[in-house]
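Have a look at the structure below before the remarks.
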Amino acid sequence: MVFAHDTEVALTAAAELINTEADQDELPDVDALDAFLTKWGWSGRRDHTEAELAQIRDLRPRLRRFWETDRDGVAELANELLRAFRALPQLVKHDEWDYHLHATSLDAPLVARMAVEAAMAMVDVIRTDDLSRLRICDMPDCDDVLIDLTRNRSKRYCDLSCSNRAAVAAYRSRRAVQG
């Protein structure tokens, strides 16, 4: 494990949230947001409204900046989000999770909980000086973000689809050279 389990989950969930902002938005409606939140085990208050969905959509570009800036910029952005949503870190235990950090109350708006969760995870990234684990997919036609949690820091592609396309392209290139 590279980071604490809750940090790894928060980083991976943030990357997946960012990647829902594609050519065809993968959060087209409240039901899609509900499915995303269920997949990632989000607890606490849910309004199930279009306004809440719009707030989460608007959060994605702010979170993407974590992947696009240097260490000082990531620290500044994390602090900005923690201040904006009045984070107050505390140890909590719920569901199947042992003690871990929450920095908002369970009745805080969803956007606040998601922003602060990502910012708290980035605090760990900054403190461990592991910003190199935040990457953008190596596939030329893909701008999805990823978090590399491999021991040897070898993850280059956002998902299996891009990895397979890269392997096929490399194979075809080698075959063309061979003649």
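Residue count for region 2-59 under the criterion of being in contact (Cβ under 8 Å) with a residue 60 or more places away in the chain and not small (Gly, Ala, Ser): the result is 16.
Summed over region 26-61, the residues that are within 16 Å of the chain's Cα centre (by Cα) and either of a type in the set (Val, Ile, Thr) or more than 29 Å from residue 93 (Cβ to Cβ) (or both) give a count of 8.
Please specify each residue of region 11-61 satisfying the condition of being of a type in the set (Lys, Arg) and closer than 21 Å to residue 136 by Cβ.
If the condition is that a residue be of a type in the set (Lys, Arg) and closer than 21 Å to residue 136 by Cβ, then 57, 60 are the ones that fit.
Residues of region 163-179 that are in a helix (DSSP H, G or I) and small (Gly, Ala, Ser): 163, 166, 167, 169, 170, 173, 176. Among the residues of region 156-166, is there at least one that is under 23 Å from residue 71 (Cα atoms), at pLDDT 90 or above and either surrounded by fewer than 18 Cβ atoms within 10 Å (Cβ to Cβ) or of a type in the set (Asp, Glu) (or both)? Yes, some residue in region 156-166 is under 23 Å from residue 71 (Cα atoms), at pLDDT 90 or above and either surrounded by fewer than 18 Cβ atoms within 10 Å (Cβ to Cβ) or of a type in the set (Asp, Glu) (or both).
When 77, 101 are screened for being in contact (Cβ under 8 Å) with a residue 40 or more places away in the chain and in contact with a Pro (Cβ under 7 Å, 6 or more places away or on another chain), only 101 passes.
For the condition basic (Lys, Arg) and touching a helix residue (DSSP H, G or I) at 6+ places or on another chain (Cβ under 7 Å), residue 174 does not qualify. Annotation note: of 95, 141, 107, the sole residue that is under 27 Å from residue 74 (Cβ atoms) and among the charged types (D, E, K, R) is 141. What are the residues in region 1-43 that are part of a loop (DSSP other than H, G, I, E, B) and either within 25 Å of residue 124 (Cβ to Cβ) or of a type in the set (Ser, Thr, Tyr) (or both), if any? Residues satisfying the conditions are 1, 2, 3, 4, 20, 21, 40, 41, 42, 43.
The values are calculated or read from the model by the stated rules, or taken from the named source; none is laboratory data. Worth saying up front: this structure is predicted, and the values here are computed from it rather than measured. When we count neighbours, we look across all protein chains shown, and the Cβ atoms used for this are built from the backbone with ideal geometry, even at glycine.
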